[in-house]
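Only one structure is covered here, and it is reproduced in the block below.
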Amino acid sequence: MEKVIEVRHLSKWFGSNEVLKDIDFSVNKGEVACIIGSSGSGKSTLLRCINLLEKPTSGEIIYNGENILDDEHNIYTYRTKLGMVFQQFNLFNNHNVLSNCTVGQIKVLKRNKEEAEKIALQYLENVGMAQYINAMPKQLSGGQKQRVAIARALSMEPDVMLFDEPTSALDPETVGEVLKVMKDLAKSGLTMLVVTHEMGFAREVSDRVIFMDKGVIAEEGKPEEIFNNPKEKRTKEFLYRILNGNDD
Amino acid sequence: MSLQLMADIFANNWQMFLRGAGMTLLISMIGTIIGLIIGILVGIVRTIPMPEKGTKRTVLKIINKLLAIYVEFFRGTPMIVQSMVIFYGTAQAFGIQMNRIYAGILIVSINTGAYMSEIVRGGIVSIDNGQFEASHAIGMNHMQTMINVVMPQVIRNILPATGNEFVINVKDTSVLNVISVTELFFQTKSIAGATFKFFEPYFIASIIYLIMTITITRILRCIERRMDGPANFIMAGNQMQVERPEDIVYKKNRDR
(Lines give C-alpha, C1' and ligand atoms only; values in the text may rest on other atoms or scores of the structure.)
Protein backbone atom coordinates (compact mmCIF):
# COMPACT_ATOMS: atom_id res chain seq x y z
CA MET A 1 0.00 0.00 0.00
CA GLU A 2 1.23 3.49 -0.79
CA LYS A 3 2.40 5.43 2.22
CA VAL A 4 1.38 9.08 2.33
CA ILE A 5 3.23 9.96 5.49
CA GLU A 6 5.81 7.89 7.26
CA VAL A 7 7.01 8.67 10.76
CA ARG A 8 10.38 7.22 11.83
CA HIS A 9 11.86 7.20 15.33
CA LEU A 10 9.88 10.27 16.34
CA SER A 11 10.47 11.60 19.85
CA LYS A 12 9.10 14.63 21.54
CA TRP A 13 10.24 16.04 24.84
CA PHE A 14 8.42 18.75 26.77
CA GLY A 15 11.18 19.87 29.11
CA SER A 16 12.31 16.74 30.92
CA ASN A 17 9.13 14.88 30.06
CA GLU A 18 9.27 12.46 27.13
CA VAL A 19 5.81 12.55 25.60
CA LEU A 20 6.51 10.52 22.47
CA LYS A 21 9.03 7.70 22.60
CA ASP A 22 10.55 6.56 19.34
CA ILE A 23 7.34 6.33 17.36
CA ASP A 24 7.31 4.48 14.04
CA PHE A 25 4.18 4.44 11.99
CA SER A 26 2.73 5.44 8.67
CA VAL A 27 -0.49 6.57 7.10
CA ASN A 28 -1.49 4.72 3.95
CA LYS A 29 -3.29 6.28 1.04
CA GLY A 30 -7.07 6.06 1.28
CA GLU A 31 -7.21 4.56 4.75
CA VAL A 32 -8.97 5.81 7.84
CA ALA A 33 -6.75 5.36 10.87
CA CYS A 34 -8.00 6.09 14.37
CA ILE A 35 -5.68 6.79 17.27
CA ILE A 36 -7.18 5.91 20.62
CA GLY A 37 -5.78 5.97 24.13
CA SER A 38 -6.25 7.63 27.48
CA SER A 39 -5.52 11.31 27.91
CA GLY A 40 -1.86 12.09 28.31
CA SER A 41 -0.86 9.13 26.17
CA GLY A 42 0.59 11.44 23.50
CA LYS A 43 -1.95 10.89 20.75
CA SER A 44 -2.74 14.57 20.21
CA THR A 45 0.95 15.44 20.41
CA LEU A 46 1.68 12.87 17.71
CA LEU A 47 -0.94 14.44 15.46
CA ARG A 48 0.40 17.92 16.14
CA CYS A 49 3.95 16.75 15.45
CA ILE A 50 2.87 15.43 12.07
CA ASN A 51 1.86 18.89 10.86
CA LEU A 52 4.64 20.52 12.87
CA LEU A 53 2.46 22.54 15.21
CA GLU A 54 4.79 20.92 17.72
CA LYS A 55 8.38 20.56 16.62
CA PRO A 56 9.54 16.97 17.14
CA THR A 57 12.70 16.68 19.23
CA SER A 58 14.17 14.01 16.99
CA GLY A 59 13.18 11.59 14.25
CA GLU A 60 12.01 11.85 10.68
CA ILE A 61 8.72 12.56 8.95
CA ILE A 62 8.80 11.35 5.37
CA TYR A 63 6.41 12.90 2.89
CA ASN A 64 6.80 12.33 -0.86
CA GLY A 65 10.16 10.69 -0.21
CA GLU A 66 11.55 13.72 1.59
CA ASN A 67 12.24 14.28 5.24
CA ILE A 68 10.28 17.42 6.04
CA LEU A 69 12.23 17.96 9.25
CA ASP A 70 15.27 18.95 7.19
CA ASP A 71 16.09 22.56 7.85
CA GLU A 72 15.72 23.68 4.25
CA HIS A 73 12.34 22.03 3.73
CA ASN A 74 9.47 24.46 3.26
CA ILE A 75 7.05 23.61 6.05
CA TYR A 76 4.38 26.00 4.75
CA THR A 77 3.77 24.13 1.50
CA TYR A 78 3.89 20.85 3.40
CA ARG A 79 1.19 22.04 5.78
CA THR A 80 -1.18 22.87 2.94
CA LYS A 81 -1.13 19.15 2.09
CA LEU A 82 -2.48 18.29 5.53
CA GLY A 83 -5.94 19.37 6.60
CA MET A 84 -6.29 19.91 10.32
CA VAL A 85 -9.49 19.88 12.37
CA PHE A 86 -9.14 21.03 15.96
CA GLN A 87 -11.00 20.13 19.10
CA GLN A 88 -11.79 23.82 19.67
CA PHE A 89 -12.79 24.44 15.99
CA ASN A 90 -10.53 27.53 15.76
CA LEU A 91 -12.52 29.17 12.99
CA PHE A 92 -11.13 32.57 12.05
CA ASN A 93 -13.32 34.87 14.14
CA ASN A 94 -12.98 37.81 11.79
CA HIS A 95 -14.11 35.91 8.68
CA ASN A 96 -17.57 34.67 7.79
CA VAL A 97 -18.21 31.03 6.93
CA LEU A 98 -17.44 31.35 3.24
CA SER A 99 -14.37 33.48 3.80
CA ASN A 100 -13.07 31.02 6.40
CA CYS A 101 -13.01 28.47 3.61
CA THR A 102 -11.51 30.76 0.97
CA VAL A 103 -8.84 32.78 2.78
CA GLY A 104 -6.33 29.94 2.81
CA GLN A 105 -6.99 29.07 -0.82
CA ILE A 106 -6.57 32.67 -1.94
CA LYS A 107 -3.64 33.73 0.24
CA VAL A 108 -1.66 30.49 0.41
CA LEU A 109 -2.59 28.48 -2.69
CA LYS A 110 -2.98 31.71 -4.73
CA ARG A 111 -6.24 30.62 -6.28
CA ASN A 112 -8.45 33.39 -7.63
CA LYS A 113 -11.55 34.40 -5.71
CA GLU A 114 -14.19 32.85 -7.99
CA GLU A 115 -12.43 29.51 -8.11
CA ALA A 116 -11.87 29.50 -4.35
CA GLU A 117 -15.51 30.31 -3.66
CA LYS A 118 -16.67 27.59 -6.00
CA ILE A 119 -14.53 25.00 -4.25
CA ALA A 120 -15.52 26.28 -0.81
CA LEU A 121 -19.22 26.19 -1.66
CA GLN A 122 -18.94 22.62 -2.87
CA TYR A 123 -17.40 21.47 0.41
CA LEU A 124 -19.76 23.58 2.50
CA GLU A 125 -22.57 21.85 0.64
CA ASN A 126 -21.04 18.48 1.53
CA VAL A 127 -21.03 19.29 5.24
CA GLY A 128 -24.49 20.84 5.07
CA MET A 129 -23.44 24.41 5.85
CA ALA A 130 -24.03 26.07 2.47
CA GLN A 131 -26.97 28.06 3.81
CA TYR A 132 -24.77 29.74 6.36
CA ILE A 133 -22.09 31.21 4.11
CA ASN A 134 -22.66 34.75 5.42
CA ALA A 135 -22.76 33.83 9.10
CA MET A 136 -19.94 34.74 11.45
CA PRO A 137 -18.43 31.99 13.62
CA LYS A 138 -19.85 33.47 16.84
CA GLN A 139 -23.35 33.05 15.39
CA LEU A 140 -22.96 29.29 14.96
CA SER A 141 -23.38 26.36 17.31
CA GLY A 142 -20.47 24.07 18.13
CA GLY A 143 -21.49 21.38 15.68
CA GLN A 144 -21.96 23.92 12.92
CA LYS A 145 -18.57 25.46 13.65
CA GLN A 146 -16.89 22.07 13.48
CA ARG A 147 -18.56 21.28 10.16
CA VAL A 148 -17.33 24.60 8.77
CA ALA A 149 -13.87 23.80 10.12
CA ILE A 150 -13.97 20.50 8.24
CA ALA A 151 -15.05 22.29 5.06
CA ARG A 152 -12.26 24.82 5.56
CA ALA A 153 -9.67 22.06 5.77
CA LEU A 154 -11.16 20.21 2.79
CA SER A 155 -11.16 23.38 0.68
CA MET A 156 -7.37 23.24 0.66
CA GLU A 157 -7.75 19.82 -1.01
CA PRO A 158 -5.21 18.13 1.26
CA ASP A 159 -3.73 14.65 0.85
CA VAL A 160 -4.47 13.74 4.45
CA MET A 161 -7.01 15.01 6.92
CA LEU A 162 -5.97 15.13 10.56
CA PHE A 163 -8.70 15.25 13.19
CA ASP A 164 -7.72 16.15 16.75
CA GLU A 165 -10.61 14.98 18.95
CA PRO A 166 -13.13 16.74 16.72
CA THR A 167 -16.16 15.91 18.85
CA SER A 168 -14.73 16.29 22.34
CA ALA A 169 -15.83 19.91 22.77
CA LEU A 170 -19.35 19.33 21.47
CA ASP A 171 -22.52 18.69 23.41
CA PRO A 172 -23.86 15.16 22.98
CA GLU A 173 -26.66 16.23 20.65
CA THR A 174 -24.35 17.77 18.06
CA VAL A 175 -21.71 15.03 18.12
CA GLY A 176 -23.83 13.02 15.71
CA GLU A 177 -23.93 15.61 12.95
CA VAL A 178 -20.14 15.93 12.95
CA LEU A 179 -19.58 12.17 13.05
CA LYS A 180 -21.97 11.76 10.13
CA VAL A 181 -19.95 14.21 8.06
CA MET A 182 -16.78 12.34 8.97
CA LYS A 183 -18.31 8.99 8.04
CA ASP A 184 -19.31 10.37 4.65
CA LEU A 185 -15.77 11.60 4.15
CA ALA A 186 -14.36 8.23 5.12
CA LYS A 187 -16.59 6.54 2.56
CA SER A 188 -15.44 8.93 -0.15
CA GLY A 189 -11.94 7.45 0.11
CA LEU A 190 -10.23 10.36 1.82
CA THR A 191 -7.10 9.55 3.82
CA MET A 192 -7.91 10.34 7.42
CA LEU A 193 -6.01 10.19 10.69
CA VAL A 194 -8.39 10.64 13.59
CA VAL A 195 -7.58 11.07 17.26
CA THR A 196 -10.81 10.22 18.98
CA HIS A 197 -12.62 9.07 22.09
CA GLU A 198 -15.58 7.93 20.00
CA MET A 199 -15.08 4.17 20.12
CA GLY A 200 -18.20 3.58 18.06
CA PHE A 201 -16.78 5.69 15.26
CA ALA A 202 -13.38 4.00 15.48
CA ARG A 203 -14.93 0.58 15.37
CA GLU A 204 -17.36 1.25 12.56
CA VAL A 205 -15.44 3.51 10.21
CA SER A 206 -11.73 2.96 10.60
CA ASP A 207 -9.54 0.58 8.63
CA ARG A 208 -6.92 0.56 11.35
CA VAL A 209 -6.92 1.36 15.02
CA ILE A 210 -3.79 2.53 16.80
CA PHE A 211 -3.76 2.30 20.58
CA MET A 212 -1.30 4.61 22.29
CA ASP A 213 -0.19 4.40 25.87
CA LYS A 214 2.45 6.45 27.70
CA GLY A 215 4.03 7.82 24.54
CA VAL A 216 4.35 4.57 22.58
CA ILE A 217 2.13 2.73 20.14
CA ALA A 218 1.09 -0.17 22.32
CA GLU A 219 -0.97 -2.02 19.75
CA GLU A 220 -2.35 -1.53 16.27
CA GLY A 221 -4.50 -3.54 13.97
CA LYS A 222 -7.89 -3.92 12.37
CA PRO A 223 -10.74 -2.55 14.50
CA GLU A 224 -12.22 -6.04 14.96
CA GLU A 225 -8.92 -7.30 16.33
CA ILE A 226 -8.38 -4.40 18.69
CA PHE A 227 -11.92 -4.22 20.00
CA ASN A 228 -12.72 -7.94 20.12
CA ASN A 229 -9.37 -9.61 20.79
CA PRO A 230 -6.88 -7.11 22.12
CA LYS A 231 -3.52 -8.77 22.66
CA GLU A 232 -1.94 -6.36 25.07
CA LYS A 233 -2.97 -6.17 28.69
CA ARG A 234 -3.09 -2.35 28.73
CA THR A 235 -5.31 -2.28 25.63
CA LYS A 236 -7.71 -4.60 27.39
CA GLU A 237 -7.69 -2.44 30.48
CA PHE A 238 -8.24 0.75 28.50
CA LEU A 239 -11.12 -0.70 26.51
CA TYR A 240 -12.66 -2.12 29.65
CA ARG A 241 -12.54 1.31 31.31
CA ILE A 242 -13.96 3.08 28.25
CA LEU A 243 -16.71 0.62 27.48
CA ASN A 244 -17.84 0.10 31.07
CA GLY A 245 -17.91 3.71 32.19
CA ASN A 246 -14.84 5.51 33.41
CA ASP A 247 -12.59 4.64 36.32
CA ASP A 248 -13.32 2.40 39.30
CA MET B 1 -17.22 87.78 35.13
CA SER B 2 -20.47 87.63 33.28
CA LEU B 3 -22.10 85.60 30.58
CA GLN B 4 -22.23 88.75 28.48
CA LEU B 5 -18.46 89.13 28.65
CA MET B 6 -17.95 85.52 27.74
CA ALA B 7 -20.25 85.87 24.74
CA ASP B 8 -18.40 89.03 23.67
CA ILE B 9 -15.01 87.38 23.91
CA PHE B 10 -16.22 84.43 21.90
CA ALA B 11 -17.90 86.65 19.30
CA ASN B 12 -14.73 88.70 18.84
CA ASN B 13 -12.34 85.79 18.78
CA TRP B 14 -14.32 82.84 17.46
CA GLN B 15 -12.12 82.50 14.41
CA MET B 16 -9.03 82.13 16.58
CA PHE B 17 -10.75 79.56 18.79
CA LEU B 18 -11.93 77.65 15.77
CA ARG B 19 -8.56 77.73 14.07
CA GLY B 20 -6.95 76.56 17.30
CA ALA B 21 -9.46 73.74 17.67
CA GLY B 22 -8.89 72.77 14.03
CA MET B 23 -5.13 72.64 14.56
CA THR B 24 -5.57 70.59 17.74
CA LEU B 25 -7.81 68.11 15.93
CA LEU B 26 -5.49 67.93 12.93
CA ILE B 27 -2.36 67.23 14.97
CA SER B 28 -4.01 64.80 17.35
CA MET B 29 -5.81 62.92 14.57
CA ILE B 30 -2.77 62.53 12.31
CA GLY B 31 -0.65 61.81 15.37
CA THR B 32 -3.01 59.08 16.53
CA ILE B 33 -3.23 57.47 13.09
CA ILE B 34 0.55 57.50 12.54
CA GLY B 35 1.00 56.37 16.14
CA LEU B 36 -1.38 53.48 15.56
CA ILE B 37 0.55 52.45 12.45
CA ILE B 38 3.86 52.65 14.35
CA GLY B 39 2.27 50.70 17.19
CA ILE B 40 0.99 47.97 14.87
CA LEU B 41 4.37 47.58 13.15
CA VAL B 42 6.32 47.54 16.40
CA GLY B 43 3.76 45.21 17.98
CA ILE B 44 4.02 42.75 15.08
CA VAL B 45 7.81 42.78 15.08
CA ARG B 46 8.01 42.29 18.85
CA THR B 47 5.75 39.23 18.68
CA ILE B 48 7.62 37.42 15.87
CA PRO B 49 8.43 33.97 17.26
CA MET B 50 12.14 33.74 18.05
CA PRO B 51 14.05 31.40 15.69
CA GLU B 52 16.05 28.82 17.58
CA LYS B 53 19.40 29.66 16.04
CA GLY B 54 21.18 31.49 13.23
CA THR B 55 21.79 35.10 12.26
CA LYS B 56 18.05 35.76 12.06
CA ARG B 57 17.87 35.25 15.80
CA THR B 58 20.67 37.76 16.47
CA VAL B 59 19.15 40.38 14.17
CA LEU B 60 15.72 39.94 15.69
CA LYS B 61 17.14 40.22 19.18
CA ILE B 62 18.90 43.49 18.35
CA ILE B 63 15.77 44.91 16.72
CA ASN B 64 13.65 43.90 19.72
CA LYS B 65 16.12 45.58 22.08
CA LEU B 66 16.05 48.81 20.05
CA LEU B 67 12.26 48.80 19.97
CA ALA B 68 12.11 48.20 23.70
CA ILE B 69 14.39 51.20 24.23
CA TYR B 70 12.18 53.31 21.96
CA VAL B 71 9.06 52.35 23.91
CA GLU B 72 10.72 52.87 27.29
CA PHE B 73 12.21 56.22 26.34
CA PHE B 74 9.06 57.82 24.97
CA ARG B 75 6.79 56.38 27.63
CA GLY B 76 9.15 57.38 30.37
CA THR B 77 9.72 61.06 29.52
CA PRO B 78 7.16 63.90 29.46
CA MET B 79 5.94 65.04 26.07
CA ILE B 80 6.67 68.67 26.99
CA VAL B 81 10.36 67.82 27.47
CA GLN B 82 10.43 65.77 24.27
CA SER B 83 8.98 68.77 22.41
CA MET B 84 11.74 71.06 23.64
CA VAL B 85 14.44 68.51 22.84
CA ILE B 86 13.12 67.67 19.38
CA PHE B 87 12.28 71.19 18.24
CA TYR B 88 14.65 73.66 19.95
CA GLY B 89 17.24 71.12 21.03
CA THR B 90 17.94 69.65 17.61
CA ALA B 91 17.84 73.14 16.09
CA GLN B 92 20.61 74.30 18.39
CA ALA B 93 22.68 71.13 18.51
CA PHE B 94 22.47 69.94 14.90
CA GLY B 95 21.06 72.97 13.11
CA ILE B 96 17.93 71.13 11.99
CA GLN B 97 15.13 73.59 11.28
CA MET B 98 11.73 71.97 11.43
CA ASN B 99 8.31 73.28 10.56
CA ARG B 100 6.51 73.71 13.90
CA ILE B 101 3.42 71.83 12.81
CA TYR B 102 5.39 68.91 11.39
CA ALA B 103 7.47 68.84 14.56
CA GLY B 104 4.24 68.77 16.58
CA ILE B 105 2.83 65.90 14.51
CA LEU B 106 6.14 64.05 14.79
CA ILE B 107 6.22 64.37 18.58
CA VAL B 108 2.62 63.28 19.03
CA SER B 109 3.09 60.37 16.57
CA ILE B 110 6.16 58.83 18.15
CA ASN B 111 4.70 59.33 21.59
CA THR B 112 1.44 57.64 20.67
CA GLY B 113 3.43 54.97 18.81
CA ALA B 114 5.26 54.06 22.00
CA TYR B 115 2.01 53.62 23.93
CA MET B 116 0.17 51.95 21.06
CA SER B 117 2.90 49.37 20.48
CA GLU B 118 2.39 48.09 24.01
CA ILE B 119 -1.37 48.12 23.53
CA VAL B 120 -1.04 46.24 20.22
CA ARG B 121 1.37 43.75 21.77
CA GLY B 122 -1.13 43.11 24.53
CA GLY B 123 -3.85 42.75 21.91
CA ILE B 124 -1.83 40.18 19.95
CA VAL B 125 -0.95 38.20 23.06
CA SER B 126 -4.62 38.09 24.07
CA ILE B 127 -5.72 36.46 20.79
CA ASP B 128 -6.47 32.77 21.33
CA ASN B 129 -3.57 30.57 20.36
CA GLY B 130 -6.01 28.46 18.32
CA GLN B 131 -6.28 31.28 15.79
CA PHE B 132 -2.52 31.13 15.19
CA GLU B 133 -2.52 27.34 15.05
CA ALA B 134 -5.40 27.20 12.60
CA SER B 135 -3.64 29.71 10.36
CA HIS B 136 -0.37 27.82 10.52
CA ALA B 137 -2.14 24.51 9.90
CA ILE B 138 -3.60 25.96 6.72
CA GLY B 139 -0.10 26.88 5.54
CA MET B 140 0.11 30.57 6.39
CA ASN B 141 3.41 32.06 7.48
CA HIS B 142 3.72 34.58 10.32
CA MET B 143 3.05 37.61 8.12
CA GLN B 144 0.00 36.08 6.41
CA THR B 145 -1.36 34.98 9.77
CA MET B 146 -0.96 38.47 11.14
CA ILE B 147 -2.49 40.27 8.16
CA ASN B 148 -5.41 37.94 7.45
CA VAL B 149 -6.40 36.60 10.83
CA VAL B 150 -4.81 38.15 13.88
CA MET B 151 -4.51 41.88 13.22
CA PRO B 152 -8.14 42.42 12.15
CA GLN B 153 -9.19 40.94 15.48
CA VAL B 154 -6.55 42.86 17.38
CA ILE B 155 -7.61 46.15 15.81
CA ARG B 156 -11.20 45.53 16.83
CA ASN B 157 -10.08 44.73 20.37
CA ILE B 158 -7.79 47.73 20.74
CA LEU B 159 -10.29 50.24 19.35
CA PRO B 160 -11.37 51.40 22.81
CA ALA B 161 -7.75 51.91 23.80
CA THR B 162 -7.08 53.76 20.55
CA GLY B 163 -10.04 56.03 21.23
CA ASN B 164 -8.55 56.64 24.63
CA GLU B 165 -5.23 57.61 23.05
CA PHE B 166 -7.00 59.95 20.65
CA VAL B 167 -8.80 61.69 23.50
CA ILE B 168 -5.54 61.96 25.45
CA ASN B 169 -3.85 63.41 22.36
CA VAL B 170 -6.55 66.06 21.91
CA LYS B 171 -5.79 67.22 25.41
CA ASP B 172 -2.04 66.70 25.38
CA THR B 173 -1.39 68.62 22.18
CA SER B 174 -1.77 71.63 24.47
CA VAL B 175 1.82 71.08 25.60
CA LEU B 176 2.91 71.86 22.04
CA ASN B 177 2.33 75.51 22.88
CA VAL B 178 5.89 75.49 24.22
CA ILE B 179 7.11 75.22 20.64
CA SER B 180 4.50 77.78 19.50
CA VAL B 181 2.25 75.47 17.56
CA THR B 182 -0.96 77.45 17.11
CA GLU B 183 -3.28 74.88 18.65
CA LEU B 184 -6.25 75.66 20.89
CA PHE B 185 -4.31 76.32 24.10
CA PHE B 186 -1.83 78.60 22.35
CA GLN B 187 -4.65 80.58 20.73
CA THR B 188 -6.51 80.85 24.03
CA LYS B 189 -3.35 82.10 25.71
CA SER B 190 -3.07 84.79 23.02
CA ILE B 191 -6.69 85.81 23.49
CA ALA B 192 -6.28 85.92 27.25
CA GLY B 193 -3.16 88.02 26.84
CA ALA B 194 -4.90 90.47 24.53
CA THR B 195 -8.04 90.89 26.65
CA PHE B 196 -6.46 90.55 30.11
CA LYS B 197 -9.28 88.15 30.95
CA PHE B 198 -8.43 84.67 32.08
CA PHE B 199 -11.60 82.97 33.24
CA GLU B 200 -13.67 83.50 30.11
CA PRO B 201 -11.23 82.47 27.32
CA TYR B 202 -10.00 79.42 29.20
CA PHE B 203 -13.53 78.43 30.12
CA ILE B 204 -14.54 78.62 26.46
CA ALA B 205 -11.44 76.58 25.55
CA SER B 206 -12.34 73.89 28.08
CA ILE B 207 -15.84 73.65 26.62
CA ILE B 208 -14.37 73.27 23.12
CA TYR B 209 -12.00 70.54 24.36
CA LEU B 210 -14.93 68.77 25.98
CA ILE B 211 -17.03 68.92 22.80
CA MET B 212 -14.14 67.46 20.78
CA THR B 213 -13.43 64.60 23.15
CA ILE B 214 -17.08 63.63 23.64
CA THR B 215 -17.70 63.65 19.89
CA ILE B 216 -14.68 61.44 19.28
CA THR B 217 -15.77 58.95 21.94
CA ARG B 218 -19.26 58.73 20.46
CA ILE B 219 -18.01 58.21 16.91
CA LEU B 220 -15.64 55.44 18.00
CA ARG B 221 -18.40 53.72 19.95
CA CYS B 222 -20.50 53.69 16.76
CA ILE B 223 -17.64 52.17 14.78
CA GLU B 224 -17.18 49.49 17.42
CA ARG B 225 -20.83 48.54 17.32
CA ARG B 226 -20.75 48.39 13.54
CA MET B 227 -17.72 46.11 13.57
CA ASP B 228 -19.32 43.74 16.06
CA GLY B 229 -22.41 43.04 13.95
CA PRO B 230 -25.45 41.17 15.20
CA ALA B 231 -25.08 38.27 17.63
CA ASN B 232 -27.45 36.02 15.72
CA PHE B 233 -27.46 34.97 12.12
CA ILE B 234 -30.82 35.50 10.46
CA MET B 235 -31.19 33.11 7.60
CA ALA B 236 -34.29 34.87 6.33
CA GLY B 237 -31.96 37.69 5.31
CA ASN B 238 -30.43 35.44 2.68
CA GLN B 239 -31.46 35.16 -0.91
CA MET B 240 -31.97 31.48 -0.32
CA GLN B 241 -35.09 31.13 1.73
CA VAL B 242 -34.80 28.19 4.05
CA GLU B 243 -37.53 27.46 6.52
CA ARG B 244 -36.46 26.87 10.06
CA PRO B 245 -38.69 24.85 12.36
CA GLU B 246 -39.71 28.01 14.22
CA ASP B 247 -40.75 29.63 10.92
CA ILE B 248 -43.01 26.73 10.15
CA VAL B 249 -44.60 26.96 13.60
CA TYR B 250 -45.02 30.70 13.18
CA LYS B 251 -46.70 30.29 9.79
CA LYS B 252 -49.05 27.63 11.10
CA ASN B 253 -50.14 29.86 13.97
CA ARG B 254 -50.61 32.81 11.64
CA ASP B 255 -52.74 30.92 9.11
CA ARG B 256 -55.00 29.47 11.69
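Worth pointing out:
- Antiparallel DSSP beta bridges within the protein assembly as shown, as percent of all bridges there, nearest 5: 55 percent
- Helical content alone sets the calculated 222 nm signal of chain B at -25500 deg cm²/dmol, taking -39,500 (n - 2.57) per DSSP H segment of four or more residues and averaging over every residue.
- Greater than 32 Å apart at Cα, pairs in A:21/A:236; A:145/A:236; A:55/B:65; A:12/A:110: A:145/A:236; A:12/A:110
- Over all other residues within a Cβ to Cβ distance under 12 Å of residue A:195, the charged ones net out to -1, with Lys and Arg as +1 and Asp and Glu as -1.
- Environment charge at residue A:148 (Cβ cut-off 14 Å; Lys +1, Arg +1, Asp -1, Glu -1): +2
- The B-A contact accounts for roughly 2400 square angstrom of buried accessible surface, both chains included, probe 1.4 angstrom.
- Sites counted here are trypsin sites (Lys or Arg not before Pro) in a DSSP loop (not H, G, I, E or B) having no more than 12 other Cβ atoms within 10 Å; the longest part of chain A that contains none of them is A:111-230.
- Averaged per residue, the protein assembly as shown has 51 square angstrom of accessible surface, using a 1.4 angstrom probe with ligands and nucleic acids left out.
- Contact-buried residues of segment A:109-137, at a threshold of 30 Å² lost accessible area versus the chain by itself: A:131, A:132, A:134 (1.4 Å probe; DNA, RNA and ligands ignored).
- Neighbouring Cβ atoms from other chains, within 10 Å of the Cβ of residues in A:148-159, number 1 on average.
- Counting, for every residue in A:91-98, the Cβ atoms of other protein chains within 10 Å of its Cβ and taking the mean gives 5.
- Once exposed loop GluC sites (Glu not before Pro) are cut out (DSSP; at most 12 other Cβ, 10 Å), longest piece of chain A: A:73-248
- Amide hydrogen neighbours beyond the local backbone of residue B:138, cut-off 5 Å, H modeled: none
- Carbon plus sulfur fraction of accessible area for segment B:3-255, probe 1.4 Å, in percent: 66 percent
- Compared with the dominant principal axis of the Cα atoms in chain A, helix A:113-126 is inclined by about 50°.
- Seen against the Cα atoms of chain A and their longest principal axis, helix A:233-243 is set at about 50 degrees.
- Across chain A, Cα pairs under 8 Å and at least six residues apart give a relative contact order of 26 percent.
- Three-way shape label, segment B:79-187, alpha-carbon gyration tensor, a/c 1.5: prolate
- Residues of type lysines that residue A:29 reaches as a straight line, Cα spacing below 18 Å, ignoring anything fewer than 8 places off in the same chain: A:3, A:81, A:183, A:187, A:222
- Burial of 50 Å² or greater, segment B:116-143 residues [accessible area, probe 1.4 Å, versus chain by itself]: B:131, B:133, B:134, B:137, B:138, B:139, B:140
- Tilt relative to chain B, helix B:55-76 - C-alpha long axis, 0 to 90 degrees, to 10: 50 degrees
- Efficiency of FRET from Cβ geometry, residue B:211 and residue B:88, R₀ 35 Å, rounded to 0.05: 0.65
- For B:103-112, mean number of other protein chain Cβ atoms within 10 Å: 0
- Accessible surface for residue A:95 stands near 30 Å², nearest 10, in the context of the full protein assembly shown (1.4 Å probe).
The values are calculated or read from the model by the stated rules, or taken from the named source; none is laboratory data. The shown structure was predicted, so the numbers you read here are calculated from the model rather than taken from an experiment. Neighbour counts run over all protein chains shown; Cβ positions are idealised from the backbone, glycine included. Only protein heavy atoms, including side chains, enter the accessible area calculation; ligands, DNA and RNA are left aside. Shrake-Rupley method; radii C 1.70, N 1.55, O 1.52, S 1.80 Å.
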